[in-house]
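Colleague: Structure provided below as structure tokens; questions to follow.
The values are calculated or read from the model by the stated rules, or taken from the named source; none is laboratory data. Source: prediction; values computed, not measured. In this analysis, Cβ positions are derived from the backbone assuming ideal geometry, glycine residues included, and neighbour counts consider all displayed protein chains. Just so you know, the surface numbers come from the protein's heavy atoms only, side chains and all, with ligands and any DNA or RNA stripped out. Shrake-Rupley method; radii C 1.70, N 1.55, O 1.52, S 1.80 Å.
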Amino acid sequence: MSKLKKAIQDIHLSDVSQKGQRGRGRGEAGSGAEISLHPLAYLLVTFFYLLLVVSFSKYDLSGLLSMVLYLLILGIGREIRLREALRHTWPVLLLVSMVGIANPFVEREICWQWGEVGISYGIISMLTLMLKGIFCVMASYLLVMGTGMEGICLGLRSLHLPKELVAVVFLIYRYLIVLLKEAERMVLAYKLRAPGQKGIHFKVWGSFLGLLLLRSMDRAQTVYESMLLRGYQGEIRGREFRGSKGRSVAYVCLWAVALFFLRVVPVFELVGALLP
Amino acid sequence: MHMADALVAPAVAGTMYVCSGAAMGYSIKKVRLANEPKKIPVMGVMGAFVFASQMINFTIPGTGSSGHLCGGMMLSAILGPEAGFLTMFGVLLVQCLLFADGGLLALGCNVWNMAFYGCFLGAMVLWKLFMKKGMTRKKIIGASVAGCVLTLQLGAFSVALETLASGVTELPFGVFVAAMQPIHLAIGLVEGLITAAVLVFIYEARPELLWGSENFLAEEKREGRMSYKGTVGVLLAAAIVIGGLVSLAASSKPDGLEWSMERIAKTAELEAEGRAYEAAGKVQETTALLPDYGWKNSSSATGTSFSGILGGSLVIGLCVFACYLLRFFRGREKKE
């Protein structure tokens with residue numbers, strides 16, 4: 001079950017990344033200039049970036065390319081492996097390609113000729129779509145790796161999202177790894193009993209997942225009891241923000257201006273025009 | 001069916017955020033009204049369960065491919081539509097952030113396409129409709145399969161509409177829909193069967209976990225316990241049988257108290273002396289309809305039988321009256 005293993009690996013990676021960020025925040029390593037910012041600041045900037053990326057027209061490939069600068073600056077600044085981020089993009093690429101595959105066949109008008117090779121509008125629109133997909137996934141990945149799910153929950157709470165909703169997201173994240181590991185154990189036990197069989201046989205669909213569900217419900221009961229013992233009164237308290245609010249506001253404003261500039265001004269075209 | 005950010009235009013994303021937000025607001029209101037703090041951890045753990053279970057591949061016989069269960073329908077069948085919807089939102093948010101399954105900007109679309117149809121239409125319309133007159137295995141299978149197929153079809157159609165409105169594909173709408181719907185019909189069928197298998201297992205193992213089962217379980221209990229009229233009828237019949245027929249076979253030998261009195265005082269009935277005793281004895285003689293369980297001045301079997309029936313009825317009547325009296329006073333106490 002590579003899917004299960006991959007999911008567990010991804011969560012571990014995110015946890016390690018968060019701990020690294022927190023460590024740097026305490027001055028253990030690196031500059032850590034950004035970790036003292038409120039998670040809401042990251043959330044808002046990411047959302048603004050996503051909005052700007054998808055707002056590019058389907059033929060504005062060069063304009064869209066300039067948005068890569070944000071990803072590079074953030075990835076390098078926070079020491080997040082961009083190669084890992086790229087690994088996450090392939091399922092989206094597959095989906096986006098499926099939707100955009102018809103474009104080169106429908107829009108055949110040539111928009112750019114290079115020698116004998118002609119690039120049609122359809123190809124440009126398909127490439128734009130694919131780039132949009134890659135950029136959006138990478139931006140979300142950088143957000144999670146930099147802020148962590150707990151940080152995102154804090155950000156959502158700051159946006160005055162209902163506490164019940166944030167608590168559910170928080171708990172899903174907390175218990176995801178536990179249940180994934182439990183599922184992995186069950187699958188392994190099944191595979192050992194039924195060697196050479198692909199997937200779970202339909203005769204045991206119900207009992208297999210049903211047992212996992214019953215175990216989950218029992219676990220939920222234990223979780224609730226332990227929450228009560230720790231003084232749960234309807235709200236789950238996660239990480240608390242102790243950094244500077246002024247710096248967070250400045251971070252949002254600076255990135256908003258920079259991103260807007262990248263959206264409006266064709267930076268890559270201008271630089272290209274300066275070249276001899 | 002998770003839509004990526006690249007597939008939606010900002011206007012479409014915003015519109016869908018508003019629509020999903022409205023459904024979320026309604027769900028939050030309902031969950032708060034229910035006031036069940038215990039439900040929040042259950043929702044969280046169930047969300048994690050759906051996530052984990054979707055990572056397991058279930059072999060589809062004869063095809064070589066695999067499928068997974070339908071999250072929305074499953075959650076609603078256990079948590080109810082509102083709590084299920086909120087849990088699905090959590091699952092979709094974690095999916096898009098951690099596993100790049102869907103996008104942050106397209107979250108509104110994904111919540112609508114998967115959670116809204118799955119939870120509200122699947123549970124509020126189909127599940128309720130199927131379970132209207134009780135819960136059975138067949139009904140659970142029917143509701144799960146119909147729910148998954150219908151909600152997935154609607155979700156796939158919405159994906160096509162949203163993509164078309166965003167203007168990202170040159171595919172004609174008809175072609176896009178024709179490509180989306182049949183594949184999701186097959187997926188819906190498989191997901192429905194897996195969901196049905198799990199829900200049937202839960203129904204057999206712990207039916208109280210299923211949404212709406214409290215009504216049918218209570219009904220089942222009531223049926224098991226017998227109705228009020230039935231109870232009174234049985235008691236009356238028992239009184240007639242015991243009082244009228246079994247009393248004929250009543251022993252002529254003394255009962256426990258009479259036996260011990262005979263041993264101590266050498267007589268079963270103590271003679272009381274005094275005016276008060278004499279007066280009370282006279283009153284009893286005049287009013288006693290059936291002295292010593294028989295007609296006055298008669299020792300026939302019918303007399304004994306009739307006295308048994310009448311006595312039994314009187315006792316039952318007194319019991320019922322006492323119960324009503326107790327209920328009346330309890331009601332008054334509650335009101336106060």
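Okay, residues lined up against (1) part of a helix (DSSP H, G or I); (2) modelled with pLDDT of 90 or more; (3) over 21 Å from B:A197 (Cα atoms):
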{"residue": "B:L97", "(1), (2), (3)": "yes, no, yes"}
{"residue": "B:W112", "(1), (2), (3)": "yes, yes, yes"}
{"residue": "B:W127", "(1), (2), (3)": "yes, no, no"}
{"residue": "B:K132", "(1), (2), (3)": "no, no, no"}
{"residue": "B:V145", "(1), (2), (3)": "yes, yes, no"}
{"residue": "B:F157", "(1), (2), (3)": "yes, yes, yes"}
{"residue": "B:T163", "(1), (2), (3)": "yes, no, yes"}
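Colleague: From the set of residues in the stretch A:159-173 that are at negative phi and open to solvent by 40 Å² or more (accessible area, probe 1.4 Å), which is farthest from the other protein chains (Cβ to nearest Cβ)?
Modeller: A:L159
Colleague: If you go through the stretch B:132-150 one residue at a time, do you hit one that is in the same structural domain as B:K30 (by TED's automatic domain parsing), within 23 Å of B:M16 (Cβ to Cβ) and not aliphatic (A, V, I, L, M)?
Modeller: yes
Colleague: Quick check on this structure: which one of B:K132, B:K128, B:K138 is touching a residue at least 12 places away in the same chain (Cβ under 8 Å) and open to solvent by 10 Å² or more (accessible area, probe 1.4 Å)? First the steps, then the outcome.
Modeller: Working: B:K132 fails: touching a residue at least 12 places away in the same chain (Cβ under 8 Å); B:K138 fails: touching a residue at least 12 places away in the same chain (Cβ under 8 Å).
Exactly one of B:K132, B:K128, B:K138 is touching a residue at least 12 places away in the same chain (Cβ under 8 Å) and open to solvent by 10 Å² or more (accessible area, probe 1.4 Å), namely B:K128.
Colleague: Given the criterion assigned by TED's automatic domain parsing to the domain that holds A:C253 and either open to solvent by less than 40 Å² (accessible area, probe 1.4 Å) or within 18 Å of A:M145 (Cα to Cα) (or both), identify the matching residue among A:L94, A:L43. Even if it seems obvious, please write down each step before you answer.
Modeller: Working: A:L94 fails: either open to solvent by less than 40 Å² (accessible area, probe 1.4 Å) or within 18 Å of A:M145 (Cα to Cα) (or both).
Of the residues listed, the single one that is assigned by TED's automatic domain parsing to the domain that holds A:C253 and either open to solvent by less than 40 Å² (accessible area, probe 1.4 Å) or within 18 Å of A:M145 (Cα to Cα) (or both) is A:L43.
Colleague: Also, I was wondering about something else. Do we have A:L270 as out of contact with any strand residue (DSSP E or B) (no Cβ under 6 Å at 6 or more places or on another chain), over 30 Å from A:L65 (Cα atoms), more than 9 Å from every other protein chain (Cβ to nearest Cβ) and open to solvent by 80 Å² or more (accessible area, probe 1.4 Å) here? So that I can check it myself, show each step before the final result.
Modeller: Numbers: out of contact with any strand residue (DSSP E or B) (no Cβ under 6 Å at 6 or more places or on another chain): yes; over 30 Å from A:L65 (Cα atoms): no; more than 9 Å from every other protein chain (Cβ to nearest Cβ): yes; open to solvent by 80 Å² or more (accessible area, probe 1.4 Å): yes.
Here the answer is no, as A:L270 does not meet what is asked.
Colleague: Given (1) at the interface with chain A (Cβ under 7 Å from one of its Cβ atoms); (2) free of Cβ contacts under 8 Å to residues at least 12 places away in the same chain, where does B:I28 come up short, assuming only one miss?
Modeller: (2)
Colleague: Determine whether B:L105 is assigned to a loop (DSSP other than H, G, I, E, B), buried (at least 24 other Cβ atoms within 10 Å of the Cβ) and at pLDDT 85 or above.
Modeller: Working: assigned to a loop (DSSP other than H, G, I, E, B): yes; buried (at least 24 other Cβ atoms within 10 Å of the Cβ): yes; at pLDDT 85 or above: yes.
Against the criterion (assigned to a loop (DSSP other than H, G, I, E, B), buried (at least 24 other Cβ atoms within 10 Å of the Cβ) and at pLDDT 85 or above), B:L105 qualifies.
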